[in-house]
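Student: Please see the structure below; I have some questions.
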Amino acid sequence: NNKRQNELIPYNDCLYRNMYRYEYIALLDIDEVIMPLNHNNWSSLMDAVIKESLKVKNESRASYNFRNVYFMDEMLESHEHGHFKDIPPYLHMLQHVYRSANYTKPGQYVKCFHNPEKALILHNHFPLGCLGGVCTSYPVDTELAHLQHYRNDCVSTLKKSCAESFKKNSVKDTTIWRYKDELISRTTTSLMRMGFFGGSGQSAPVTQSTPPLNAQSSANGDVRLAVNGENADNNDTKNVP
């Protein structure tokens, strides 16, 4: 339909503006994050992913896809009485650390790091066109990383199986807390500068000591992001510098 076709414009605008600047390009909704489980940032994660992928087949892929796992709103409510007191309540991802024990099926609702040396046309989940005609994608092992997807409910196509397959069994996953202090410090500073707490001299609801900024302590690296809408049903897209 026209909506899905129109989404190709900002996705591929991001690709072509940045294809000579970055090793990988990612398209992520604002309710998603690709979370490294054994590494501090995306750059070192991808070094490990490439190493593993070359063991399977000695060639680079057009994309590297990450399994989707749901962090539902109600999972926090069922396990905890209120919010975590040392985390501001508006930092949704840091607060919601209970996820489904089950992942969605391989290849289903995944997101990728795309290789701009091979991908020619991108869509939300996989490349649509690649050099050589075949778009190869390597499934990243869930022991290395996964796609954390924060939602109130499953996507519409999974509504019938959502309660039994995903909501019924949940586990605590605090991997994101690796970045907690720095995230709280940076967001608090930014919100205070913008006057969200009533004035430049007013203290924020939660204060944290500012940690030393270290490029290895946050999930960054040579990855370009196109951040689109709040969930799979709302895909207004913009480029993030």
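Student: Among the numbered criteria (1) out of contact with any Gly (no Cβ under 8 Å at 6 or more places or on another chain); (2) assigned to a strand (DSSP E or B), which one does LEU120 miss?
Tutor: Unmet for LEU120, out of (1) out of contact with any Gly (no Cβ under 8 Å at 6 or more places or on another chain); (2) assigned to a strand (DSSP E or B): (1).
Student: When you go through ILE30, ILE34, ILE25 one by one, which is the residue that is touching a strand residue (DSSP E or B) at 6+ places or on another chain (Cβ under 8 Å), among the β-branched types (Val, Ile, Thr) and open to solvent by 10 Å² or more (accessible area, probe 1.4 Å)?
Tutor: After applying the criteria, what remains is ILE30.
Student: So in region 78-101, with the set limited to residues that are part of a helix (DSSP H, G or I) and modelled with pLDDT of 90 or more, which one is nearest to the chain's Cα centre (by Cα)?
Tutor: Among them, the one singled out is MET93.
Student: Continuing with this model, one more query. Identify, please: which residue in region 48-72 is open to solvent by less than 40 Å² (accessible area, probe 1.4 Å) and in a loop (DSSP other than H, G, I, E, B) and is, among those, farthest from ILE25 (Cα to Cα)?
Tutor: That would be ARG61.
Student: Report whether or not ILE25 is closer than 20 Å to PRO116 by Cβ and either assigned to a strand (DSSP E or B) or at pLDDT 95 or above (or both).
Tutor: Here the answer is yes, as ILE25 does meet what is asked.
Student: Sticking with this structure for a sec: If you take the residues in region 168-188 that are more than 20 Å from the chain's Cα centre (by Cα) and touching a residue at least 12 places away in the same chain (Cβ under 8 Å), which one is surrounded by the most Cβ atoms within 10 Å (Cβ to Cβ)? Give the steps one after another, and end with the answer.
Tutor: So the first thing to find is which residues in region 168-188 are more than 20 Å from the chain's Cα centre (by Cα), and the list is 168-169, 185, 188.
Okay, now just the ones that are also touching a residue at least 12 places away in the same chain (Cβ under 8 Å), so 169, 185, 188.
Details: ASN169: 11, SER185: 16, THR188: 21.
So the residue we want is THR188.
Each row is one residue, and each column tells you yes or no for (1) among the aliphatic types (A, V, I, L, M); (2) assigned to a loop (DSSP other than H, G, I, E, B); (3) over 26 Å from LYS180 (Cβ atoms); (4) within 20 Å of the chain's Cα centre (by Cα).
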| position | (1), (2), (3), (4) |
| --- | --- |
| ASN12 | no, no, yes, yes |
| SER44 | no, no, no, yes |
| THR104 | no, yes, yes, yes |
| GLY107 | no, yes, yes, yes |
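Student: Here's something else I'd like to know. How many residues are part of a helix (DSSP H, G or I) and either of a type in the set (Lys, Arg) or open to solvent by 60 Å² or more (accessible area, probe 1.4 Å) (or both) when one looks only at region 135-162? Can you show your working first?
Tutor: Restricting attention to region 135-162, the residues satisfying the condition of being part of a helix (DSSP H, G or I) are 156-162.
Imposing the further condition that a residue be either of a type in the set (Lys, Arg) or open to solvent by 60 Å² or more (accessible area, probe 1.4 Å) (or both) reduces the set to 156-157, 159-160.
Adding up the residues that qualify gives 4.
Student: Do we have any residue at all in region 16-33 that's at positive phi and free of Cβ contacts under 8 Å to residues at least 12 places away in the same chain?
Tutor: No; the residues of region 16-33 include none that is at positive phi and free of Cβ contacts under 8 Å to residues at least 12 places away in the same chain.
Student: Pull up region 73-98, narrow it to residues that are in contact with a strand residue (DSSP E or B) (Cβ under 6 Å, 6 or more places away or on another chain) and more than 21 Å from THR187 (Cα to Cα), then point me to the one that is most open to solvent (accessible area, probe 1.4 Å).
Tutor: In this case the residue turns out to be HIS79.
The values are calculated or read from the model by the stated rules, or taken from the named source; none is laboratory data. None of the values given here were measured: they were computed from a predicted structure. Glycine also receives a Cβ, built like all others from the backbone with ideal geometry; neighbour counts cover every protein chain displayed. Note: accessible area is taken over every heavy atom of the protein model, side chains too, but ligands, DNA and RNA are not part of it. Shrake-Rupley method; radii C 1.70, N 1.55, O 1.52, S 1.80 Å.
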